[in-house]
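See below for the structure under consideration.
The values are calculated or read from the model by the stated rules, or taken from the named source; none is laboratory data. Computed from a prediction, not measured in an experiment: that's the story for all the values here. Here the Cβ is made from the backbone with ideal geometry for all residues, glycine too, and neighbour counts use every protein chain on show. The accessibility values were calculated without ligands, DNA or RNA, using every heavy atom of the protein model including side chains. Shrake-Rupley method; radii C 1.70, N 1.55, O 1.52, S 1.80 Å.
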Amino acid sequence: MPFLRDLRIALRSLSRVPALWVTVALTLALGIGANAAIFSVVRAVLLRPLANRDEDRLLYVRQSAPGIGNQNAAFSVPEIADMGAGLKTIQELGTFSEIDFTLVGLGTPREIPAGVVDGNYFEVMGLRPVLGRLLTRSDDGPSAQGAVVLTYKFWRESLHSDPSVLGKTVRLESAMGARSAVIVGVLEPSVPYPVATEIIANVVTSPHHLSATMVTGREHRMTEVFARLAPGATLEGARAELQTAYKAMTGAHPEVYKPEDRFQISVTRMHDQINSGANTILWVLFAAAGLLFVIASSNVANLVLARTVRREPELAVRAALGAGRAALRRSLLAESLVLCGSGAIGALLIGIPMVEVLGHYAARFSVRAKDMTLDFSLVWFGIGLALAAAVFLAFIPRLPSLDVLRSNGLASGGTRVTGGNSKRRLRVFAVMQITASFLLLAGSAVLMRTLYELEKTRPPFDTSHVLAVNLPVMSYGKTPEQVQEFYREVQRRVALLPGVQQVSTGFSVPWRDERGLDLSFAFEVQGAKRENGMGDWRARFRSVSPGFFGTLGLPLVEGRDFRESDKDGAERVVIVSESVAKSLFAGADPVDHKIEWTDPVMKFIGISYEPRRIIGVVPDIDDENIIPSPAMTVYQPVDQEGWQQRLFVRAKNDPYTLVPAISRTIHEMSADQPVERPSTLEDIRAEVLTPDRLNAIVFGGFAAVALLISVVGVAGVLAFSVSGRTREFGIRMALGAQPRNILTGVLHEGLVIACIGVGTGVVVGFALARTLAKYVADVQQPGVLAIVASAVVILAAAVIASAVPAARAARVNAVEALRAE
């Protein structure tokens with residue numbers, strides 16, 4: 001076949017220019033490999049169907065109250081009952097509550113993330129068991145037996161896929177009490193949402209869910225709601241019906257749903273909801289990979305175009321001997337296929353490990369990326385890109401004609417003068433590379449700047465010498481007084497360990513315990529002035545033991561710390577943050593003023609509405625955000641009201657050296673007590689910063705590769721220009737031109753290409769940013785610093801890329817150049 005003969009000729013021809021072959025293959029391998037890997041991740045995370053049956057009918061319902069800063073208020077049992085009554089478009093509602101249990105009965109007791117669900121949940125979610133059965137309506141009700149379903153990952157990794165776990169009885173402990181439950185099944189592999197759990201239990205396993213406050217409290221919201229569309233119903237219809245029911249419910253209880261709180265609900269497909277956290281970051285990463293492919297293709301096009309121009313004598317001779325345009329184009333296509341095929345093979349070698357790296361990266365934003373393996377579509381995607389690049393490269397060059405042959409004197413062995421059209425194409429591709437590189441560089445500069453701001457911002461307390469340890473409540477067989485005494489004794493004994501400076505307890509670890517940190521309640525202050533129409537103030541609720549602020553190394557601004565005497569039965573006291581003091585007392589001394597909690601949810605969680613005297617003021621601690629903002633916070637002593645499941649230890653030296661002694665001390669008091677997740681506050685903060693670091697590293701890596709390819713591209717364009725202008729440089733130098741003039745001219749040419757590319761990049765970048773901002777709320781506009789820094793890097797790279805061909809031009813020997821011509 002003629003085409004096979006062309007392929008053999010192409011292989012022989014390219015073997016004589018191995019540097020070109022290797023350069024093109026590596027460049028395409030980077031461009032194609034990055035795109036194939038990103039496509040594999042995007043397909044796995046965003047496009048792959050869920051395991052849930054009829055997932056297009058599965059909906060997620062969210063309640064929010066923007067007026068009080070609550071983006072996910074969850075639902076209460078009365079709200080779910082009101083909304084679910086008489087729905088036509090919804091077949092069934094399923095409910096899920098996040099809770100932490102201490103699991104006893106499967107090896108060493110430990111705290112695990114869990115879900116408490118109703119009997120409709122698994123039917124609504126469309127999930128199946130791989131072992132045993134799932135929970136059904138027969139598992140509902142206060143008289144039902146406790147039942148537990150294990151998630152597939154927990155069963156496989158923690159229990160080694162042991163089928164004998166079915167029927168085992170375990171004890172589930174929570175802050176409100178303990179219950180026994182039987183393991184009835186193992187769930188099929190599926191996406192854990194709204195949180196990753198290890199077990200899913202029925203309602204009876206949680207004493208709190210059976211309490212009257214949970215069942216009747218309209219403002220006691222801790223339940224997520226899922227829905228399944230009725231056959232023939234549409235999302236728009238379900239959304240309209242649910243919003244109508246919601247509007248009727250809120251209208252019937254104006255004292256609960258205050259206009260200024262702006263309560264509302266949203267209804268989305270489950271697939272879209274799961275992907276919402278990864279949508280933006282993955283598509284932006286896909287766009288970055290696309291830019292890298294454009295850069296790689298442009299660079300390869302420059303190299304191939306330059307080679308084709310140099311081969312014009314050969315092609316023209318073949319045309320003179322009768323080769324048609326189709327035959328010439330076919331030979332170019334054969335050579336392009338060899339080059340791009342080599343690039344595709346290299347892309348697969350690069351793409352396979354890149355998929356694993358990007359999968360770990362994407363797992364920070366979507367649970368669907370966890371344990372991601374190579375998708376075979378990666379191979380087809382890479383082949384498709386390689387074929388597209390081959391066709392593009394084969395049809396970019398303009399074929400020579402006999403007129404070109406004669407006008408350039410090529411048939412008689414004369415020297416060819418490169419046409420202006422080829423030069424223009426080379427420069428256009430170089431500008432495209434610079435433009436795409438600038439966009440990637442500016443984007444990574446924005447992320448680097450964000451990371452720098454996060455890294456340099458330090459909290460107002462010590463993080464490197466404070467160890468945080470999870471110490472979940474073990475209440476089985478104990479009274480609440482005995483539980484409190486256990487925590488006091490833990491503090492006393494740990495404080496006596498060598499190397500320990502101070503010990504305290506609290507309910508939540510800064511930056512780590514999302515549910516504990518999300519507690520924010522309404523309150524009022526006796527004697528504080530309130531603006532017209534303003535509702536109650538809101539503050540974060542924190543319960544801590546005496547010595548908590550000293551353990552963190554945070555001095556009080558005024559007043560005193562909590563004492564051992566601040567117990568239940570004594571005068572109720574609080575400590576407030578500086579933001580509370582400044583907002584409510586306008587420079588006056590807040591100590592000895594009294595506050596009262598007014599939030600309706602307090603009666604459901606056992607916090608009284610009794611007035612509390614302010615005894616001290618501490619600096620703001622924004623324990624939720626890395627970049628701190630003013631934090632309205634009220635602290636209560638744990639021995640009066642609140643919870644304490646976290647131990648804080650201030651060490652004199654390395655806190656991690658204390659972990660074995662702390663664990664041993666606590667287990668001497670209670671062998672079954674879990675002692676988990678010991679970590680310094682510095683390392684917890686670093687863990688929170690990991691997604692931002694990954695963003696900067698990944699996009700910075702893309703930008704660095706793009707810049708390297710662009711530098712090679714600019715250098716190639718100028719080298720080709722110099723080789724085609726040797727005679728011109730010889731004549732100019734024979735007429736008296738100085739080498740520095742030639743050097744300056746070539747450098748100027750490289751800078752002009754870079755400046756045009758940067759200018760185009762600025763225009764395109766701002767246009768893209770403004771367009772994306774209309775559809776994506778969290779797109780960050782590049783600042784002047786990012787643009788200037790990126791431009792400087794690009795221009796500096798252009799000068800470096802121009803230096804070698806410029807020096808070569810300046811060294812041209814006029815006599816030898818003219819003699820050669």
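Odds and ends about this structure:
- Single residue of Lys582, Lys529 found to be part of a helix (DSSP H, G or I) and at pLDDT below 90: Lys582
- Taking the numbered list (1) assigned to a loop (DSSP other than H, G, I, E, B); (2) at pLDDT 90 or above; (3) open to solvent by 50 Å² or more (accessible area, probe 1.4 Å); (4) not hydrophobic (A, V, I, L, M, F, W, C) in turn, Asp561 passes all entries but (3).
- Filtering Arg693, Arg685, Arg677 for residues that are open to solvent by less than 20 Å² (accessible area, probe 1.4 Å) and among the basic types (Lys, Arg) leaves a single hit, Arg685.
- Residue that is among the aliphatic types (A, V, I, L, M) and surrounded by 16 or more Cβ atoms within 10 Å (Cβ to Cβ), where the choices are Ile627, Ile621: Ile621
- Residues located in region 90-123, provided they are surrounded by fewer than 23 Cβ atoms within 10 Å (Cβ to Cβ), farther than 19 Å from Gln63 by Cβ and polar (S, T, N, Q): Gln91, Thr108
- Evaluation of Val186 against (1) under 28 Å from Asn72 (Cα atoms); (2) open to solvent by less than 50 Å² (accessible area, probe 1.4 Å) (one fails), failing number: (1)
- Subset of region 255-291 that is within 21 Å of the chain's Cα centre (by Cα) and open to solvent by less than 20 Å² (accessible area, probe 1.4 Å) - its residue that is farthest from Val24 (Cα to Cα): Met270
- Long-range neighbours under 6 Å by Cβ, at least six apart or interchain, first residue acidic (Asp, Glu) within region 690-702, second surrounded by 18 or more Cβ atoms within 10 Å (Cβ to Cβ): Asp692/Leu451
- Here Tyr609 does not qualify as of a type in the set (Phe, Trp, Tyr) and part of a strand (DSSP E or B).
- In the set (1) within 18 Å of Ser180 (Cα to Cα); (2) over 34 Å from the mean Cα position of the chain (by Cα); (3) open to solvent by 30 Å² or more (accessible area, probe 1.4 Å), Ala85 fails one condition alone, (1).
- Within region 124-133, restricting attention to residues that are touching an Asp or Glu at 6+ places or on another chain (Cβ under 9 Å) and more than 25 Å from Ser164 (Cα to Cα), the residue that is surrounded by the fewest Cβ atoms within 10 Å (Cβ to Cβ) is Gly126.
- Test: residue in region 344-359 that is in a helix (DSSP H, G or I), surrounded by fewer than 22 Cβ atoms within 10 Å (Cβ to Cβ), at pLDDT below 70 and not hydroxyl-bearing (Ser, Thr, Tyr): no
For every residue, the table says whether it meets (1) farther than 30 Å from Ser331 by Cβ; (2) without any contact (Cβ under 8 Å) to a residue 40 or more places away in the chain.
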residue: Arg16; (1), (2): no, yes
residue: Asn35; (1), (2): no, no
residue: Val42; (1), (2): yes, no
residue: Val45; (1), (2): yes, no
residue: Ala73; (1), (2): yes, no
residue: Ile80; (1), (2): yes, no
residue: Ile90; (1), (2): yes, no
residue: Phe96; (1), (2): yes, no
